[in-house]
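The values are calculated or read from the model by the stated rules, or taken from the named source; none is laboratory data. All values derive from a computational prediction rather than experimental measurement. Backbone-built Cβ (ideal geometry, glycine too); neighbour counts: all protein chains shown.
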Amino acid sequence: MSRIGKQPIAVPSGVTVSAQDGVFQVKGPKGELTVPYNPALNIQNDNGQLLVTRPSDRQEHRALHGLTRTLVANAVKGVSDGFTINLELRGVGYRAKMTGKNLEMTIGYSHPVIIEPPAGVTFTVPEPTRIDVSGIDKQLVGQVAANVRKVRKPDAYHGKGVRFVGEQIALKAGKAGATGGKGKK
C-alpha cells in the first residue's frame with residue numbers, strides 16, 4: 001500500500017469537508033477550495049480525520065492514491081493556514097514595492113516591472129529586497145512565485161536576480177584572462 005496514501009489527514013476545527021462524485025470540497029477560515037479526484041478512489045471522514053482508500057492494487061489506482069491524498073491534504077492546510085513562498089532580490093539597486101495590490105519591481109531593466117496578482121494570491125513586501133507570495137491554493141502560489149522569479153532569473157556569474165529565500169546558486173567562474181592572463185617567458 002502507498003506509504004503516503006495511507007496516512008490520515010487531520011481536519012482542524014472550523015474546517016468543513018465533503019467528498020462526492022469525484023469532487024472534494026473544503027471550506028475554512030481563509031476560504032474555500034474544490035479538488036477534483038478520480039471517483040474510483042474513496043475519501044472517508046472518520047472522526048475528524050480523512051482517509052483516502054483505493055479499490056484495488058492496479059497500477060493506476062496505486063498511482064492516484066498518494067496523489068489524491070496529497071492534493072486533499074494541501075487543500076485542507078490551505079483553507080486553514082494558507083501557503084507563503086518567500087522571494088529575495090539580489091543586485092545593486094534591485095528593489096520591490098507595492099502599488100495598490102500590484103507588485104512593482106525595479107530589477108535592472110529600463111522600466112519598472114509591474115505584476116498583477118491573480119485572484120486568490122496576494123503579494124506583500126516586508127523589506128524592499130523581499131517579496132512574500134501567499135494564498136490558499138498551493139499550486140497557484142507556487143506558479144505565481146515561479147513567474148515572479150522568471151522575470152529576472154539569478155545570473156550565473158554574479159547571482160543577481162530574483163531567487164527563492166535559501167536557494168543556492170552555483171556560480172560559474174569568470175574569464176581566465178581576468179585573473180592575470182598568460183605567464184611571462
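Structure above, values below:
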| read-out | value |
| --- | --- |
| Members of segment 34-86 that are under 24 Å from the mean Cα position of the chain (by Cα) and hydroxyl-bearing (Ser, Thr, Tyr) | 34, 37, 68, 70, 80, 84 |
| Residue count, segment 93-116 (criterion: among the hydroxyl-bearing types (Ser, Thr, Tyr) and either in a loop (DSSP other than H, G, I, E, B) or in contact (Cβ under 8 Å) with a residue 60 or more places away in the chain (or both)) | 3 |
| Residues of segment 87-103 satisfying the condition of being under 10 Å from residue 123 (Cα atoms) and under 20 Å from the mean Cα position of the chain (by Cα) | 101, 102, 103 |
| Condition met for residue 170 (of a type in the set (A, V, I, L, M), outside any strand (DSSP E or B) and within 30 Å of residue 10 (Cβ to Cβ)) | no |
| Subset of segment 64-94 (residues that are aliphatic (A, V, I, L, M), farther than 17 Å from residue 35 by Cα and out of contact with any helix residue (DSSP H, G or I) (no Cβ under 8 Å at 6 or more places or on another chain)) | 89, 92 |
| When residues of segment 50-74 are limited to those that are among the small types (Gly, Ala, Ser) and free of Cβ contacts under 8 Å to residues at least 60 places away in the same chain, the one surrounded by the fewest Cβ atoms within 10 Å (Cβ to Cβ) | 56 |
| Meets criteria (among the basic types (Lys, Arg), touching a Leu at 6+ places or on another chain (Cβ under 8 Å) and farther than 22 Å from residue 137 by Cβ) for residue 95 | yes |
| Considering residues of segment 36-49 that are among the hydrophobic types (A, V, I, L, M, F, W, C) and either assigned to a loop (DSSP other than H, G, I, E, B) or modelled with pLDDT of 95 or more (or both) only, the residue surrounded by the fewest Cβ atoms within 10 Å (Cβ to Cβ) | 40 |
| Matching residues in segment 117-129 - criterion: being in a strand (DSSP E or B) and either among the small types (Gly, Ala, Ser) or surrounded by 15 or more Cβ atoms within 10 Å (Cβ to Cβ) (or both) | 121, 122, 123, 125 |
| Odd one out for residue 179 among (1) modelled with pLDDT under 95; (2) among the hydroxyl-bearing types (Ser, Thr, Tyr); (3) closer than 30 Å to residue 4 by Cβ | (3) |
| Condition met for residue 83 (within 30 Å of residue 8 (Cα to Cα), among the aromatic types (Phe, Trp, Tyr) and buried (at least 19 other Cβ atoms within 10 Å of the Cβ)) | yes |
